[in-house]
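Trainee: The structure under discussion is supplied below as structure tokens; questions concerning it will follow.
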Amino acid sequence: MLDFLLTLTVWLHKKIYKSKNMEKWKCTVCGWVYDSAVGDPSNGINPGLKFEDLPGGWVCPECGVGKDMFEKM
């Protein structure tokens, strides 16, 4: 039963965020992609946060460049 609830929760989570037209931004230096439907969990950024709303000091987790080096996909 727990597996079913976990699967259902993940499925609903994906459905909700996809319906909000989440965007992707690509680092022009290393190619890493910020997907707002996924966020950046390794840096404490939860799914659903728009790229524009990332903290000012946020940097690419792969190469360390700032938000100004990303382009919208």
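Values quoted throughout were computed directly from the atomic coordinates according to the rules given, and no laboratory measurement underlies them. On a predicted model such as this, the values are computed, not experimentally measured, just so you know. Cβ: placed from backbone, ideal geometry, glycine included. Neighbour counts: every protein chain shown.
Trainee: Ordered by residue, what ³J(HN,Hα) values in Hz, to whole numbers, does segment 26-43 give under the Karplus form 6.51 cos²θ - 1.76 cosθ + 1.60, where θ = phi - 60° and Gly and Pro are x?
Mentor: Running phi through 6.51 cos²θ - 1.76 cosθ + 1.60 with θ = phi - 60° gives 10, 6, 7, 8, 10, x, 5, 10, 8, 10, 5, 6, 9, x, 9, x, 5, 10 Hz.
Trainee: What order, most packed first, do the peptides 24-30, 39-45, 51-57 have when packing is the mean number of other Cβ atoms within 10 Å of each residue?
Mentor: Those peptides, ordered most packed to least, come out 24-30, 39-45, 51-57.
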